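Below is one structure, written out as structure tokens; comments come after it.
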Amino acid sequence: MSAPETAASTGANAPVGAAGDAAATGASSAVEQRLAELGLKLPEVAAPVAAYVPAVISGNHVYTSGQLPFIDGKLEAAGKVASGAEGTSDEATVSPEAAKRYAEVCAVNALAAVKSVIGDLDRITRIVKVVGFVSSDPSFTGQPGVINGASELLGKVLGDAGQHARSAVGVAVLPLDSPVEVELIAEFA
């Protein structure tokens with residue numbers, strides 16, 4: 001399994017203009033402008049792979065479903081996250097560094113899901129909680145470092161409103177054999 005160049009290197013999350021400026025991207029909010037400055041743009045919301053919706057509103061909170069690292073509708077990697085001598089079985093493995101970049105893609109996809117129900121990401125007043133799942137080789141214990149990809153991205157694009165409570169959980173397997181999945185709860189005005 002080869003690692004991605006960056007989370008923004010291909011597909012719907014690809015660089016959006018030579019200068020990466022908001023004018024070139026048609027970014028409609030300050031949050032999307034900050035994404036554009038990072039060479040990222042919001043993709044179309046991924047179609048559910050089962051019986052659920054990508055996001056729901058309850059009160060002044062948006063709850064997203066778990067988001068996989070889809071780029072242009074394609075899961076870019078599959079397998080368990082492992083490092084060093086871990087992952088010696090015949091299963092596909094993904095490095096922690098690549099998985100961290102995929103967690104960033106998951107966070108961008110989660111923001112797209114939030115936008116799909118509130119219309120404007122500038123309405124976000126706080127990311128309340130992030131839950132990250134890492135499909136882990138049994139000896140891998142670096143789940144927090146992997147999910148930092150999502151947390152760091154949210155901090156870059158939302159500033160203080162992107163600081164959140166978080167869980168990073170190692171699991172045996174994720175849907176479609178994805179290496180990582182991220183869900184979040186966002187408060188909005």
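The values are calculated or read from the model by the stated rules, or taken from the named source; none is laboratory data. It should be emphasised that the depicted structure is a prediction, and the values quoted were computed from it without experimental measurement. So basically every Cβ, Gly included, is an ideal-geometry build from the backbone, and we count neighbours across all protein chains shown. Note: areas computed on protein heavy atoms with side chains; ligands, DNA, RNA excluded. Shrake-Rupley method; radii C 1.70, N 1.55, O 1.52, S 1.80 Å.
With the condition being open to solvent by 10 Å² or more (accessible area, probe 1.4 Å) and farther than 21 Å from P54 by Cβ, I'd like the strands (runs of 3 or more DSSP E) fully within the stretch 75-189 carrying at least 3 qualifying residues.
Strands (runs of 3 or more DSSP E) meeting the threshold: 165-171.
Can you report the number of residues in the stretch 45-60 which are surrounded by 12 or more Cβ atoms within 10 Å (Cβ to Cβ) and aromatic (F, W, Y)?
Here the count works out to 0.
Looking at the stretch 61-74 only, could you name the residues that are closer than 24 Å to P96 by Cβ, in contact (Cβ under 8 Å) with a residue 60 or more places away in the chain and open to solvent by less than 60 Å² (accessible area, probe 1.4 Å)?
T64, G66, Q67, L68, P69, I71
Every residue, every condition in (1) under 24 Å from D177 (Cα atoms); (2) modelled with pLDDT of 95 or more; (3) in contact with an Asp or Glu (Cβ under 6 Å, 6 or more places away or on another chain); (4) among the charged types (D, E, K, R), yes or no:
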residue	(1), (2), (3), (4)
D122	no, yes, no, yes
I127	no, yes, no, no
F133	yes, yes, yes, no
P144	yes, yes, no, no
I147	yes, yes, no, no
S151	yes, yes, no, no
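It is to be established whether one or more residues within the stretch 52-66 are under 19 Å from P179 (Cα atoms) and not in a loop (DSSP other than H, G, I, E, B).
yes
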